Amino acid sequence: MAVIIQKLQPNEPLPEVIYRALHHVDSRAVALLLKDLSRLGKDRRAMELFDWLRSANERSPLRSLCDVYSYTATISLCIHGQDVDRALELMQEMRSRNIERNVHTYTALMNVCIKCGKLALALDIYNSMRAANCMPNVVTYNTLVDVYGKLGQWERAINVLDMMRHEGVEPVLRTYNTLIIACNMCNQPREALAVYQRLLADGFTPNSTTYNALISAYGKTTQLGKALEVYQEMLRQNMDRSVITYSSLISACEKAGQWETALRIFAEMQQDNCLPNTVTYNSLVTACAQGGQWEKATEVFEQMNAHGCTPDVVTYTALISAYERGGQWQKALQAFHKMCVQGCKPDAIVYNAIIDTLWETGIIWAQSKALQLFLKAVQQGHFRQEPLVRRSGRVEVNLHAMTAGVAMVCLYCWLLELKRIATEKGPQHLPPVLAIVTDMGKASREQGNCIVKEAVAAMMSFWDAPFRLVQDGVYSSVLEASNLHVAEWVTSTSFNAQLASLFPIANSTKMTDEIYVMREQQVTQECQEAFAAVQHFENTHGLVLSNMSPAYVQQRPVLISRLLDLSSKLSLRDEVVHDAVLLMDRTASQAKQVPEDVLPLVGVAALIIAAKQGDSSDRVPNNSEIEQMTELPATAVAKMEWNIRGLLTDDITAISTMRCLKVYLERLGYRYLDKQDVYGMAGFAIMLAVESLYDLSLLNCRPSVVAAAILYAERRLRGAVPFWPSMLSKLTGYHDMSTPELTVAVRVAQKLSRKLVYAQMYKAQLIQLAGQAGPSAGPVSLAPELASGPAVNPAGPMVPPGVRAHMPTVVMAPMVQAVMQAPAAHGGAHAAVAAQWQPGRFDGLSQAPTGVQPATEPTSGLVVAASTGPVVSTGTAGDDSAAIQALTQAMQGLGTGTRGMRVGSQSAIDQWQRLGAGGDEGARAQGQ
């Protein structure tokens with residue numbers, strides 16, 4: 001009969017011969033026929049046949065064929081159509097017709113419920129079976145273990161084993177296998193391994209299903225070696241290795257971070273003629289993502305498509321994660337768009353991944369894309385929060401278990417909605433109590449995000465927001481505020497300033513895809529070239545702190561303040577004075593000893609050198625300006641400039657912390673922000689860069705490291721997520737802030753950022769900008785030039801005048817092009833030596849002291865010599881003679897001025913007859 005029915009056309013009715021044949025079979029034969037039709041893929045025909053039998057008249061002899069066997073078989077058929085309602089209808093019909101319902105019937109109905117995802121209903125069926133005094137068999141118990149595993153109730157699943165023994169039902173190998181799988185499903189791999197030991201103790205021999213589950217358990221405990229041993233045992237016993245075997249093994253490699261081993265196993269799988277499925281590819285893409293191999297992940301994804309295996313939401317989540325780890329946010333965005341075009345509907349996990357990837361870049365146009373995707377996700381029903389409607393009790397925004405990027409965008413939108421309601425309708429339309437939940441604690445099975453918790457607390461504290469941390473009986477971390485206080489805050493200028501500092505994305509949301517792609521390409525190339533120059537400078541230059549004389553170490557803060565003040569009066573860009581300080585440090589590190597009275601002249605000369613080697617937009621002070629501002633003869637400054645060039649063998653390149661900081665800010669796109677957002681993003685960091693000039697312990701660190709530490713520390717203090725953007729991590733290679741050098745720099749930067757005066761000044765100026773009528777037109781950049789008067793809180797601590805002069809203001813200025821400009825060529829032996837010289841690097845990082853103590857006896861003592869005869873450039877000695885003569889001439893007739901910028905008396909000339917080279921740089925130069 002099954003063969004006859006199989007040959008029928010889809011719409012062809014069952015022939016009469018089938019109905020006549022049913023008069024000659026019993027109910028068990030009917031049950032077998034229904035099962036045969038199901039195996040042949042004719043489930044609809046099987047249902048049609050049984051429905052015809054059900055409809056038979058009560059007096060018909062065919063009615064007897066509808067008994068426990070045929071009904072149970074038909075209930076099992078409901079699995080394929082996932083029709084749990086029909087299965088329940090059949091069970092109820094059995095009850096109404098007084099047909100026996102045995103253990104097989106109940107077990108079949110439980111399986112239908114499981115396949116349809118009705119796990120709680122499956123338990124109800126089991127309980128009703130027990131209530132009907134129908135004893136379970138081993139199949140029922142196996143099904144019960146499966147239900148508990150899918151419900152996450154692994155303890156009850158394990159208790160089933162004891163229950164079986166108590167009721168005299170002996171477990172079989174399938175029981176143990178199902179239990180091991182259930183423990184794995186509940187993320188309890190150690191319990192799964194314990195069940196495996198019980199399996200062996202009870203005398204069972206593992207089969208391929210057992211080994212597959214065992215590989216999965218070892219993979220979850222990151223015991224890749226054990227998983228590979230199981231795999232080798234399967235090879236020795238020539239066991240069947242299915243797609244489950246290889247997928248579990250590749251997943252174990254992924255969890256162990258062994259992407260190369262995962263690719264090797266995948267190759268063996270293909271050699272074994274085992275076709276991979278979506279789960280296999282997902283594990284492989286995830287393994288490549290965990291290893292930071294976005295190129296390999298892309299190859300696997302393309303191979304997946306080529307082999308006709310359709311990617312699912314898990315595939316795209318893994319691929320986006322691979323791009324995120326590789327710093328390829330544009331590719332991540334392309335993968336998301338491809339997913340949507342394919343018709344694969346993104347879920348909350350995918351949205352979390354892509355939004356976080358974009359936000360963590362720190363780039364304003366990527367973050368604006370994150371905002372757009374967040375709003376799209378909300379429209380699709382994800383990330384929903386309590387409505388902000390007037391009602392009794394507390395209304396909260398729950399950021400728990402969100403990625404940092406999603407949490408920040410969610411908070412941004414929530415705050416804007418608060419502002420809209422308070423502005424348009426008034427405070428009375430807000431809920432009486434508003435709360436921000438950052439950690440649900442034990443109230444949630446998901447772990448909270450510690451970065452979100454820290455960032456929200458920091459931003460609310462930094463801006464004196466009304467939200468305060470409260471003790472909550474349910475949540476571990478929640479901030480509350482009343483509606484009146486919140487309304488007053490969100491409608492204030494201070495709130496606008498806070499948004500500008502934390503979310504500089506408002507004006508970039510209107511940017512077209514073409515514009516952001518063009519800007520991203522341009523900025524990426526410029527910043528990569530600029531940082532390559534930074535790295536070259538740091539790899540070929542260094543400071544030797546032990547060579548710096550005690551007098552210089554003692555006078556250095558005063559010299560820096562004077563240079564800052566002078567730079568401000570001369571309207572020089574802030575990079576110039578920072579470069580000048582670095583040149584002054586290099587000079588002090590190279591010279592054997594510099595008399596104290598000469599130091600101001602060295603500083604002024606270094607400032608002029610730095611101004612001359614800037615880009616074309618930098619102005620160079622003329623002689624009259626120099627003499628007027630410093631009361632030093634221009635000729636003296638010029639000759640000291642020549643002397644410094646000679647000492648440094650014409651290698652006067654200086655890439656300071658400020659230049660590095662602006663490269664970082666440029667990479668984040670601050671050039672394209674308006675005046676307010678530029679200051680919000682960069683103002684505090686610029687202040688700290690100026691303050692960092694005074695800290696001697698930072699001389700142990702490279703300028704790029706100091707700039708990274710400053711940006712990280714101030715963003716963390718303000719609660720600006722990400723603290724260290726992923727694009728800066730990719731640009732610099734500084735992936736870990738806990739390395740010895742970065743640890744020193746971050747510790748100092750955090751100390752500087754906690755000085756109250758700078759936070760007060762930053763907030764005051766940003767609030768002032770936020771209160772202005774409108775944004776400035778066109779793209780702007782930040783360069784803290786001459787401020788229009790000190791904006792100092794009278795009650796706050798005092799700030800050095802030079803630092804006050806360099807508090808940031810917003811001006812139009814280019815940035816990256818001036819990272820490193822080659823100095824003008826100078827002939828002679830200096831140029832020849834500079835072509836070969838490679839001084840010491842910034843070493844001694846992990847042992848960096850908190851301050852540099854002047855040595856009682858300099859390593860290079862004072863050398864007194866007379867200059868006789870003409871100067872001949874024949875090496876270091878000739879250069880020193882030229883330096884002596886130039887310095888002597890430069891200091892002739894200089895007196896002490898009231899401004900303190902003069903060199904001093906004639907005695908300084910008698911004391912300092914020679915500007916010698918010492919330390920690592922001098923030794924290398926002399927050797928060259």
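The values are calculated or read from the model by the stated rules, or taken from the named source; none is laboratory data. These figures come from a predicted structure and were not determined experimentally. A quick note on method: Cβ atoms are made from the backbone with ideal geometry, for glycine too, and the neighbour counts reach across all protein chains shown. When the accessible area is computed, the model is the full protein with side chains, heavy atoms only, and any ligands, DNA or RNA have been set aside. Shrake-Rupley method; radii C 1.70, N 1.55, O 1.52, S 1.80 Å.
Kirkwood Rh over Cα pairs of the range 390-492 into Stokes-Einstein at 25 °C, 0.890 mPa s: D in µm²/s?
Calculated translational D: 177 µm²/s.
What part of the accessible area of the range 131-280, given as a whole %, is carbon or sulfur when the probe is 1.4 angstrom?
48 percent
Sort 627-637, 316-326 by the packing proxy (mean of other Cβ within 10 Å over each peptide's residues), most packed first.
By packing density, highest mean first, the sequence is 316-326, 627-637.
Rolling a 1.4 angstrom probe over the protein heavy atoms, how many square angstrom per residue are accessible across the range 542-654?
Here the residues of the range 542-654 average 27 Å² of exposed surface.
For V138 and A306 in the same chain, what is the full-extension length gain: residue separation times 0.36 nm, less their Cα-Cα distance, in nm?
Stretched fully, the V138-A306 segment lengthens by 56.1 nm.
Of the heavy-atom accessible surface of the range 542-654 (probe 1.4 angstrom), what whole percent is carbon and sulfur?
The value for the range 542-654 is 48 percent carbon and sulfur by accessible area.
Quick one: work out Rg over Rh on the C-alpha atoms of the range 48-205, Rh as Kirkwood radius.
1.05
Taking only the Cα atoms of the range 542-654, how large is their convex hull per residue, in Å³?
Convex hull volume per residue, Cα atoms: 92 Å³.
Order the following by accessible area, largest value first: R130, R236. Probe radius 1.4 Å; ligands, DNA and RNA are ignored.
R236, R130
Which FRET efficiency, nearest 0.05, do S128 and V474 yield, Cβ-Cβ r, R0 56 Å?
0.95
What translational D, rounded to a whole number of µm²/s, comes out for the range 1-135 from Stokes-Einstein when the hydrodynamic radius is the Kirkwood one over Cα pairs, at 37 °C and 0.692 mPa s?
Stokes-Einstein gives a translational diffusion coefficient of 213 µm²/s.
Using only the alpha-carbon atoms, what does the range 274-335 span along each of its principal axes? Please give whole angstrom values in decreasing order.
In descending order, the Cα extents are 33, 21, 17 Å.
Got a sec to turn the phi values of the range 336-351 into Karplus ³J(HN,Hα) couplings, 6.51 cos²θ - 1.76 cosθ + 1.60 with θ = phi - 60°, whole Hz, x for Gly and Pro?
Once θ is set to phi - 60°, the couplings for the range 336-351 become 5, 5, 5, 4, 5, 5, 5, x, 7, 6, x, 9, 5, 5, 5, 4 Hz.
Excluding ligands, DNA and RNA, what is the solvent-accessible area per residue of the range 657-764 at a probe of 1.4 Å, expressed in Å²?
23 Å²
If you find the alpha carbon centre of the range 97-137 and of the range 641-695, how far apart are they in angstrom?
Measuring centre to centre over Cα atoms gives 74 Å.
From largest accessible area down, sort F495, F204; use a 1.4 Å probe on the protein chains.
F204, F495
Rounded to the nearest 10 Å², what accessible area does D272 have for a 1.4 Å probe in the complete protein model?
60 Å²
How big is the range 243-385 by Rg and Dmax over its Cα atoms, in Å?
That works out to 15.5, 51 Å for Rg and Dmax.
What is the range 604-759's relative contact order, in percent, from Cα pairs under 8 angstrom and six or more apart in sequence?
20 percent
Could you give the nm distance between label points at L756 and K35, where each point is 7 Å from its Cα heading toward the beta carbon?
8.3 nm
Can you give me the long-range amide H partners of E386? Hydrogens built in the peptide plane at 1.01 Å from N, cutoff under 5 Å, separation of 5 or more residues or another chain.
Amide H to amide H, under 5 Å and 5 or more residues apart or across chains, E386 pairs with E396, N398.
Give me the Kirkwood hydrodynamic radius of the range 680-777, using the inverse of the mean 1/r over all pairs of distinct Cα atoms, in Å to one decimal.
Averaging 1/r across every pair of different Cα atoms and inverting gives 14.2 Å.
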